[in-house]
Amino acid sequence: MEKRKVEYETIDFLSKALALRFKLNGRTFTHVIGISRGGLLPAKIISYILDAQMLTFGVASYAGEKNTGEMKVTQNIDFDKLPKDSRILVVDDKVDTGGTINFMREVIGDRFDYVRYAAIFAEKRATKKVDHYGVVLADHTWVDFPWE
């Protein structure tokens, strides 16, 4: 497995680039949902730029560098309490197998007319799992984030 180390400046740059791409294309969101833990910092940066409320959804499928194959919810959102006309952007740090994004698609379901999924990094095999991504990585690349 290839490993890539990234710094906070890279996360900041890629998060701002995604947010500015949304703005330039006229895409608006009422809520940005950060997938904890890795998606929180990118989601916060994006939510500020888009002037959207940030929410946190905690789900874990990794124990260290090992994918457990099980989705454990650590922090939930009551999606039924959000207005039906909410425009949702779900943000994670990286998409590899797509398991977390698929899980979020199931949890959110069809409650809202406009939901988009984004990741700062996407492995080549998983680019179709999200609607937007910052950088494509080779498959099976481990990203060593500054908070790890």
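The values are calculated or read from the model by the stated rules, or taken from the named source; none is laboratory data. These figures come from a predicted structure and were not determined experimentally. Cβ coordinates were reconstructed from backbone atoms using ideal geometry, including for glycine residues, and neighbour counts include every protein chain displayed. SASA here: full protein model, heavy atoms, side chains in, ligands and nucleic acids out. Shrake-Rupley method; radii C 1.70, N 1.55, O 1.52, S 1.80 Å.
Mind telling me which of the residues L40, L24, L20, L14 ends up being open to solvent by 50 Å² or more (accessible area, probe 1.4 Å), among the aliphatic types (A, V, I, L, M) and under 18 Å from F145 (Cα atoms)? Let's see the steps before the verdict.
On the way: L24 fails: under 18 Å from F145 (Cα atoms); L20 fails: under 18 Å from F145 (Cα atoms); L14 fails: open to solvent by 50 Å² or more (accessible area, probe 1.4 Å).
So the residue among L40, L24, L20, L14 that is open to solvent by 50 Å² or more (accessible area, probe 1.4 Å), among the aliphatic types (A, V, I, L, M) and under 18 Å from F145 (Cα atoms) is L40.
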- Test M54 against the stated conditions and say whether it is assigned to a strand (DSSP E or B), surrounded by 15 or more Cβ atoms within 10 Å (Cβ to Cβ), at pLDDT below 95 and among the aliphatic types (A, V, I, L, M). no
- Task: Go through (1) at pLDDT 95 or above; (2) surrounded by fewer than 16 Cβ atoms within 10 Å (Cβ to Cβ); (3) outside any loop (DSSP other than H, G, I, E, B) and name the single condition S47 misses.
- Result: (2)
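Given the structure, is K129 basic (K, R) and within 14 Å of the chain's Cα centre (by Cα)? Outline the logic, then answer.
Values: basic (K, R): yes; within 14 Å of the chain's Cα centre (by Cα): yes.
In short, yes.
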- Query: A60 versus (1) of a type in the set (A, V, I, L, M, F, W, C); (2) out of contact with any Lys or Arg (no Cβ under 9 Å at 6 or more places or on another chain); (3) open to solvent by 10 Å² or more (accessible area, probe 1.4 Å): which is the lone unmet condition?
  - Reply: (2)
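Counting just the residues of region 119-148 that are in a loop (DSSP other than H, G, I, E, B) and charged (D, E, K, R), which one comes out nearest to L14 (Cα to Cα)?
In this case the residue turns out to be D131.
Which ones in region 63-79 are modelled with pLDDT under 90 and either over 16 Å from the mean Cα position of the chain (by Cα) or loosely packed, with under 14 Cβ neighbours inside 10 Å (or both)?
Initially, region 63-79 is screened for residues modelled with pLDDT under 90, giving 63-72.
Correct list: A63, G64, E65, K66, N67, T68, G69, E70, K72.
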- Note on the structure: How many residues of region 83-127 are surrounded by 15 or more Cβ atoms within 10 Å (Cβ to Cβ), closer than 21 Å to I49 by Cα and of a type in the set (S, T, Y)? The answer is 2
